[in-house]
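A.B. asks: Mind looking over this structure? Questions follow.
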2 protein chains.
Amino acid sequence: MNYSSAFIPTLREVPADAVIASHRLMFRAGLLRKLANGLFTYLPLGLRAFRKVERIIREEMDAVGALEIKPTVVVPGELWKESGRWDSMGDSMLRVKNRLDNDFVVSPTAEEAFTATVRDELSSYRQLPLKLYQINTKFRDEIRPRYGVMRGREFIMKDAYSWHTDDKSLDETYQAMGRAYRRIFKRCGLSVIPVKADSGTMGGSGSEEFMVESEIGDNTLILCKKCGYAANVEKASCKDDFTPQPSVEAAKAAAANTPSIEKIDTPNVKTIEELCAFLKTAPQSFIKTLIYRAVNVELDLSSAPGCANLEQKKPSPDAPAVYPQVFFAVAIRGDLDVNEVKLASVLKASEVSLAADTDVTRLTNAPVGFAGPVGLASLPLIVDHTVTGMNDAVTGALAKDLHYKHAAYGRDFEGWAIAGLTSVDIRTVKAGDTCSQCGGELYTKMGNELGHIFKLGYKYTRAMNVTYLDENGKTQMPTMGCYGIGVDRTLASVIEEHHDEAGIIWPASVAPYHVIIVPIKYDGAVKEAADNLTGELTKAGIEVLLDDRNERPGVKFNDADLTGIPWRVVIGDKGLSQSPAQVEIKRRSEKDNRTIDLDRAASELADKISEELESYL
Amino acid sequence: MNYSSAFIPTLREVPADAVIASHRLMFRAGLLRKLANGLFTYLPLGLRAFRKVERIIREEMDAVGALEIKPTVVVPGELWKESGRWDSMGDSMLRVKNRLDNDFVVSPTAEEAFTATVRDELSSYRQLPLKLYQINTKFRDEIRPRYGVMRGREFIMKDAYSWHTDDKSLDETYQAMGRAYRRIFKRCGLSVIPVKADSGTMGGSGSEEFMVESEIGDNTLILCKKCGYAANVEKASCKDDFTPQPSVEAAKAAAANTPSIEKIDTPNVKTIEELCAFLKTAPQSFIKTLIYRAVNVELDLSSAPGCANLEQKKPSPDAPAVYPQVFFAVAIRGDLDVNEVKLASVLKASEVSLAADTDVTRLTNAPVGFAGPVGLASLPLIVDHTVTGMNDAVTGALAKDLHYKHAAYGRDFEGWAIAGLTSVDIRTVKAGDTCSQCGGELYTKMGNELGHIFKLGYKYTRAMNVTYLDENGKTQMPTMGCYGIGVDRTLASVIEEHHDEAGIIWPASVAPYHVIIVPIKYDGAVKEAADNLTGELTKAGIEVLLDDRNERPGVKFNDADLTGIPWRVVIGDKGLSQSPAQVEIKRRSEKDNRTIDLDRAASELADKISEELESYL
């Protein structure tokens, strides 16, 4: 391809709103332009790289036996009502009414469309496992789209879904997908951090996210220096001082020498900081008690304190019954934060948030700041593991300006048991905590999620009534997995990881072209040599951009660096006049160039490029 | 690919709403399923064929130097407001408001998005001509989607756009695109009829549609038996009895012997039929006068009868001024129909339709049925060429129950001249009319449009203010072309043209697989031979579907026929036991099979397939 025909409008200026390297460079190197906030046009050079990422993903999906299909982008709202997500998806889902007043959704994800397609075709266990995927347009109506395609409104996602007769089969596919994802990112030249992730309320038993480290990442990763443990903070656990947790009886026994619980006056002392100052002690000595409001709770609460009169509802006919709104008290050591994602998971709730002040006052009979676990009967108390080791603590006394001292877990209070567990892990892990696997020290990184694999379980097959007949002719419901990769984000992350001051440094696997040929002046013998070399390389399957422009060499070199083509060949009269004729080759990732016989250039470059491509396999 | 892993749910039943072959067969052969009315999921087999059509289109676009880009599917409404099409596009365009109350459009076409992308990058004449395309999702909110993907709501379109310094350059690209389109359809195995098409009010000077003959086509094609003239009826012209048209003076002279015009009582006679019966004569003797309402008229009407007080408006700041609503009278020979597309084109109106009865009464001072060209001063009169030869006609007298006889064009009335022309071609051509090119007889076919190439002119570059600097540093506006192909429709048309009672008969170029191998029983030596042959063929670049299912041979043969794979190889114990071992090969398009040495099968099939593929080039 001749540069002059390739429509590569490079820019010297950095777009004002581009704060990260990939955003800046995708604009400057002429890969991308903005149509509107969060909506972008890929220009030819950008689309070439984009298609290579797509191709790598497609090859690896095909290799694990996933079959590509293509549902529509605009899908009927009915399907989302069936699954119950029409209501639960929130405002980021773009809803449309057509002229006939039918509801449609511009797909943010496609569990519904795939499940609906499979539902009508699935009859026998012999069809399972079934793995289907698409690489297709998605839309999420971000309130604040930014960072270029890293957080755009419209994007391309590879989303795969699988259906299985049992957990073992699901796990096999889940593991195979995990391996495919590792290969995909490796082939793109990306260093990803696979982390354990929250599997939410989906009934799934596993979830792994593929993260790249990023200063603007919207995920906190918890990593162990010693054993390689890696998890999203939403999911991460750590070893605390009381692992394994004592039983309620053991805790009670441990409190034998603790003085009896005693009320103390704490006038106008509401926050932990004020209390620490007032009592001259550390937050670790306090039991913090917070009141949470949980939405759509699947837990059975028939025996829970204060819940006798709550009514269950069904969001859709086949979905499990839920309590639309429940309040819980949560007790945790005073220096720690509650992890709301963990809490929601424990409660099997679709969402949790701190209760409003009026609700706190109503439920604790005290102003905000004086909630405590002792004597709390109006709502279920959830106890974090860290509280199980506290047998001489300060905590709120459920009355204005009053706290307790000498409060002891097991003796003075205990938690409401969830599935037999009287304490649970709901703390937010932080840097410096101890690894639960190896005792090493944990640290944090910020990460951007490129991919996510997920055991969904029966959520969609149950809600949308998907069945098959097993070997005995009995009707069964398949279990399900889902597996997503953001293609745009993956491409942008390649640039984040591979660039320098001068521009992009493409890995050969994703490069829009492998070689850029820069004739000093595209004329006479130089033109002839450049055309011949282009021909030779093209014949060898190498993708060549020939800079045929009538520009100064400096301009051409700058554009070659900016656009990041892995190999540059410079052809000039001086080199050609030598015997044998010489050209200069330079790898974009290296500093120095070297001269090479013109007639050896094609085979040398072809070798180097296939060497690099193989290194990713 | 093993059949058992390929998810090809074939059906014996025909879907109830499938009235055309492609719709029936895409469902029955497991290529497609329905998500909702007009929304479909391509299953793996269908998507493979679909991608081949895409690839052919992509190759031919690349070959004419068009560059692929990828704008978003959801585009800002602002762009459509700039072009003026936000208002003019009608209800088939899906409009969406997002959570921030911004307007968006789910793209039905992309003149705006492409022009907006180019506008910011275009600076010099050296960048022109510029040809860009996408193959991407489109949405049109059809009121009555039907015929499967032939008229769906969401579909994939290849749409290309080009920008040029002058008409010559535009014409070169237009011609090259026309040639590329012919190659594309040929490579898909399609017989298309390129027809002259209406270029509407776009200011363009050329437009060609690529049609396939179809019983359910929504276009009437006018074709000449003798010279090959082909046009959409919207555009088609014919030679009438008065070509060339007489001047007004000549017509006046020709009426010298006609008696003076004379009023006749025609009580309660309103229609042409009633009038024919009443006067005992043929419709050819009448001048039919119809009142039309035209919307957004670009013509200069400052000197037109009854238009002195009309006001012009600008739909967008850079668009030309238009009259929002104008009424016209149209005179045509009584046996003919007015072609509204031609009329709109002549009037430079975005739309024309028959005026409401109340408007007719107000403008003609008479009930409906008595309009006539004589003495009509309240609105401009447009005269069809056929009227110019009428010098003794019957026509309405602008009063209840009154007609004129002996009315003569030139003597008793004349048309309002548009650009100096006192008569124009606005008749609908019909079968049996005379070819304007060669005098042959015209006939009609129904056709479905697969592609359309179009000289757009300055409509969008003017409205959206696109400029470049010419060789003299002067600001100029580029002229534009656009070129579309419906990918889904093209695929469905391949099936329409290539099928029989038993199923699809894919051309090798579009076939999801080239060869289906059917082992009589996939076991033992047969399995080994089938696996080996699959390996050999795959190595030779042939795409193989291996029917490994434990089904009766009859079921496998039926599915092989239904799915239409071009070559079938049957392997059984009997053939293998011969020396040398024999297999049976059969071309799907032929009736008979033949036996062939197993060890020659791979090379024979590879030869036959590449022979067929080359035949399309």
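A short reminder: the numbers here are calculations on the coordinates, not readings from a lab. Predicted model, so just to flag it, every value in this text is computed and none were measured. Because the Cβ atoms are built from the backbone with ideal geometry, glycine has one as well, and the counts that use them run over all protein chains shown.
A.B. asks: Check cross-link reach from A:Lys252 to the lysines: straight Cα distance under 24 Å, and skip same-chain residues fewer than eight apart.
C.D. replies: A:Lys239, A:Lys263, A:Lys288, A:Lys405
A.B. asks: Arrange A:Val96, B:Val583 by Cβ neighbour counts within 10 Å, fewest through most, would you?
C.D. replies: On the way: A:Val96 20, B:Val583 25.
Ascending number of Cβ neighbours within 10 Å: A:Val96, B:Val583.
A.B. asks: Let me ask you something else. Got a sec? How would A:Ser88, B:Ser22 order by Cβ neighbour count within 10 Å, fewest to most?
C.D. replies: A:Ser88, B:Ser22
A.B. asks: Turning to a different aspect of this structure: Label-to-label distances across copies for A:Leu279, with labels 7 Å out along Cα→Cβ, in nm, shortest first?
C.D. replies: 11.0
A.B. asks: Check B:Gln245: other-chain or 5+ apart residues with amide H under 5 Å from its amide H, H built from backbone geometry?
C.D. replies: Close amide H contacts, sequence-distant or interchain: none at all.
A.B. asks: While we're here: Measure nothing fancy, just the Cα-based angle from helix A:553-563's long axis to the longest principal axis of chain A, in degrees from 0 to 90, nearest 10.
C.D. replies: Approximately 30 degrees, to the nearest ten.
A.B. asks: Tell me whether the stretch B:347-404 comes out rounded, prolate or oblate; compute the Cα gyration tensor, take square roots of the eigenvalues as a ≥ b ≥ c, and use a/c under 1.5 as the rounded threshold.
C.D. replies: On the way: a/c = 2.15, a/b = 1.07, b/c = 2.02.
In terms of gyration-tensor shape, oblate.
A.B. asks: B:Lys186: which lysines have alpha carbons under 18 Å from its alpha carbon, excluding same-chain residues fewer than 8 sequence positions away?
C.D. replies: Within reach: B:Lys52, B:Lys158.
A.B. asks: Between B:Val338, B:Ala160, A:Pro373, whose Cα lies farthest towards the positive end of the dipole of the protein assembly as shown when Lys and Arg beta carbons carry +1 and Asp and Glu beta carbons carry -1, centred on the Cα centre?
C.D. replies: A:Pro373
A.B. asks: Please determine, in degrees from 0 to 90 and to the nearest 10, the orientation of helix A:167-187 with respect to the longest principal axis defined by the Cα atoms of chain A, where the helix direction is its Cα long axis.
C.D. replies: Here the helix axis deviates by roughly 40 degrees.
A.B. asks: Which is farthest toward the positive dipole end of chain B among B:Leu223, B:Leu31, B:Val360, measuring Cα position about the Cα centre, with Cβ charges +1 (Lys, Arg) and -1 (Asp, Glu)?
C.D. replies: B:Leu31
A.B. asks: For chain A, what's the radius of gyration and Dmax over Cα atoms, in angstrom?
C.D. replies: Using the Cα atoms of chain A, the pair Rg, Dmax is 30.0, 99 Å.
A.B. asks: Another question about this same structure. Nearest 20 debye, what's the magnitude of the dipole of chain A about its Cα centre given +1 on Lys and Arg Cβ and -1 on Asp and Glu Cβ? Don't skip to the end; give the middle numbers.
C.D. replies: On the way: 75 positive and 86 negative charges, 94 e Å.
Roughly 460 debye, rounded to the nearest 20.
A.B. asks: If you rotate chain B onto chain A, whose Cβ in B ends up lying nearest the axis, and how many Å away is it?
C.D. replies: Here the value is B:Val96, 2.
A.B. asks: Now for a different question. Would you mind telling me the antiparallel percentage of the DSSP bridges in chain B, rounded to 5?
C.D. replies: Values: 95 of 115 bridges.
In chain B, approximately 85 percent of DSSP beta bridges are antiparallel ones.
A.B. asks: State the cysteines of chain B left without a partner when partners are defined as other cysteines whose beta carbon lies under 4.7 Å away.
C.D. replies: That list is B:Cys188, B:Cys238, B:Cys276, B:Cys307, B:Cys482.
A.B. asks: With only Lys, Arg, Asp and Glu charged, each at its Cβ (+1 for the first two, -1 for the last two), find how big the charge dipole of the protein assembly as shown is about the Cα centre; round to the nearest 20 debye. Walk me through the intermediate numbers first.
C.D. replies: Details: 150 positive and 172 negative charges, 69 e Å.
I would put it at about 340 debye.
A.B. asks: Measure nothing but the geometry: give the 0 to 90° angle between the long axis through the Cα atoms of A:598-615 and the longest principal axis through the Cα atoms of chain A, rounded to 10°.
C.D. replies: 20
A.B. asks: Rounded, prolate or oblate, given the Cα gyration tensor of the stretch B:499-617, with a/c below 1.5 counting as rounded?
C.D. replies: On the way: a/c = 1.73, a/b = 1.26, b/c = 1.37.
Because a/c hits 1.5 or more and a/b fails to exceed b/c, the stretch B:499-617 counts as oblate.
A.B. asks: List the lysines whose Cα lies under 22 Å from the Cα of B:Lys314, skipping any in the same chain that are fewer than 8 positions away.
C.D. replies: Once the sequence-local lysines are set aside, what remains near B:Lys314 is B:Lys81, B:Lys348, B:Lys459.
A.B. asks: Using the Cβ atoms and a cut-off under 10 Å, what net charge is assigned to the surroundings of B:Ser237, where Lys and Arg are +1 and Asp and Glu are -1? Before the final figure, lay out each step's value.
C.D. replies: Working: positive: B:Lys196, B:Lys235, B:Lys239, B:Lys342, B:Arg427; negative: B:Asp240, B:Asp425, B:Asp433.
So the surrounding residues net to +2.
A.B. asks: While we're here: How high is the FRET efficiency between A:Ser603 and A:Ile216 when r is their beta carbon distance and R₀ equals 45 Å, given to the nearest 0.05?
C.D. replies: Numbers: r = 43 Å, r/R0 = 0.95.
The calculated FRET efficiency here is 0.60.
A.B. asks: May I pose another question? At a Förster radius of 56 Å, what calculated FRET efficiency corresponds to the Cβ-Cβ distance of B:Ser615 and B:Glu249, to the nearest 0.05? Provide the component values of the computation, followed by the final result.
C.D. replies: Numbers: r = 60 Å, r/R0 = 1.07.
So, using R0 = 56 Å, E works out to roughly 0.40.
A.B. asks: What's the magnitude of the charge dipole for the stretch B:248-407 around its Cα centre, counting Lys and Arg as +1 and Asp and Glu as -1 at the beta-carbon? Answer in Debye, nearest 20.
C.D. replies: On the way: 14 positive and 18 negative charges, 35 e Å.
Using only the charged Cβ atoms, the result is roughly 160 debye.
A.B. asks: Let me ask you something else. Give the shape of the stretch A:201-344 as rounded, prolate or oblate, defined through the alpha-carbon gyration tensor: a ≥ b ≥ c are the square roots of its eigenvalues, a/c under 1.5 means rounded, and otherwise the shape is prolate if a/b is larger than b/c and oblate if not.
C.D. replies: In terms of gyration-tensor shape, oblate.
A.B. asks: Order by neighbour count: B:Leu354, A:Leu598, B:Leu39, fewest other Cβ atoms within 10 Å first, most last. Show your work: numbers first, answer last.
C.D. replies: Working: B:Leu354 15, A:Leu598 19, B:Leu39 22.
Least crowded to most crowded, the residues run B:Leu354, A:Leu598, B:Leu39.
A.B. asks: Also, I was wondering about something else. Whole-Hz ³J(HN,Hα) for each residue in the stretch A:150-166, computed from phi via Karplus 6.51 cos²θ - 1.76 cosθ + 1.60 with θ = phi - 60°, x for glycine and proline: what do you get?
C.D. replies: Each residue of the stretch A:150-166 in turn: 5, 9, x, 8, 9, 7, 9, 10, 8, 10, 10, 9, 9, 10, 9, 6, 8 Hz.
A.B. asks: With the crude spin-label approximation of a point 7 Å out along Cα→Cβ, what separation in nm comes out for B:Ala540 versus B:Thr467?
C.D. replies: In this crude label model, B:Ala540 to B:Thr467 measures out at 6.3 nm.
A.B. asks: A further question on this structure: First select every other residue whose beta carbon is under 14 angstrom from the beta carbon of A:Arg293; then total the charges, Lys and Arg +1, Asp and Glu -1. Before the final figure, lay out each step's value.
C.D. replies: Details: positive: A:Arg362; negative: A:Glu340, A:Glu351, A:Asp357, A:Asp359.
Taking every Cβ under 14 Å from that of A:Arg293, the sum is -3.
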